[in-house]
Amino acid sequence: MLKKILIGFIILFGFYYIFLFSHIAESLKLLFKVIPMLLIIILAAVQKPLHIKKYQLLIITGLIFCMIGDYTLQWFLVGLTSFLFGHVFYIFAFSTTNEQKVPSWAKITLLLYGVCMAIWIAGSVLKTGETILSIAVIAYISVILTMGWTAIRTGSKFAIIGALLFIVSDSYLAINKFVTPLAFSHEVIMLTYYSAQVLIALSILQYSEIRSKVVQ
């Protein structure tokens, strides 16, 4: 019951921030941006999984760093670093699992996508003379694709879809910021972002059920 209530409030506050962004007072925008993330952290914390306390703790830590990133993204490199730490904790969480192997086609797809995005986006940043930022972008791309890679190992559809949505969200953000303005950028970025975080939080219970069947 509590889980359904939390998800309902996440949807309510998330949709409010995403679709009524322009109507929110400037001083309150960051507050409304982090409220859904705070609720997602609570959603992750109230679940009572069996056998995977470490996985849950790592996911919660990743969510916290992402929430900090939401607030500090106004100072781009600071926010980017916080999100990078969030992804590292997701990688640690997903790496504790080994329910299925990463298919070769998935490895190749992620690798090719990463190379293409690095050349396109980091190249665009480098042309502006921002060498440090271009290096940071390449590092971030490497980390988030590794997160997607390791998510497949969990066997949890929530973790896998959540990781892929996170890649979509960050890709759209990077292209919009560094290459060319994209239509409905705010709506697409935040909708895929919040959806990704909710699914990653819900993967705690789903992965617990997968592990419980293995243990039995």
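Brief remarks on what is shown
- Scope segment 1-53; condition in contact with a Phe, Trp or Tyr (Cβ under 9 Å, 6 or more places away or on another chain) and basic (Lys, Arg); matching residues: Lys29, Lys33
- When segment 101-125 is filtered for residues that are without any contact (Cβ under 8 Å) to a residue 12 or more places away in the chain and either within 16 Å of Thr180 (Cβ to Cβ) or touching a strand residue (DSSP E or B) at 6+ places or on another chain (Cβ under 8 Å) (or both), the ones remaining, listed by number, are Cys116, Ile119, Gly123.
- Residue count for segment 193-211 under the criterion of being hydroxyl-bearing (Ser, Thr, Tyr) and open to solvent by 20 Å² or more (accessible area, probe 1.4 Å): the result is 1.
- Count of segment 1-28 residues, restricted to those that are open to solvent by 30 Å² or more (accessible area, probe 1.4 Å) and in a helix (DSSP H, G or I), is 19.
- Residues that are among the small types (Gly, Ala, Ser) and farther than 17 Å from Leu110 by Cα, drawn from segment 148-173: Gly155, Ser156
- Flag for Leu30 being more than 18 Å from Ser195 (Cβ to Cβ) and among the aliphatic types (A, V, I, L, M): yes
- Residues of segment 118-144 classified as closer than 18 Å to His87 by Cβ, surrounded by fewer than 20 Cβ atoms within 10 Å (Cβ to Cβ) and modelled with pLDDT of 90 or more, total: 6
The values are calculated or read from the model by the stated rules, or taken from the named source; none is laboratory data. What you see is a predicted model, and the numbers here were worked out from it, not measured in a lab. Positions of Cβ are backbone-derived with ideal geometry, glycine not excepted, and every protein chain shown enters the neighbour counts. The accessibility values were calculated without ligands, DNA or RNA, using every heavy atom of the protein model including side chains. Shrake-Rupley method; radii C 1.70, N 1.55, O 1.52, S 1.80 Å.
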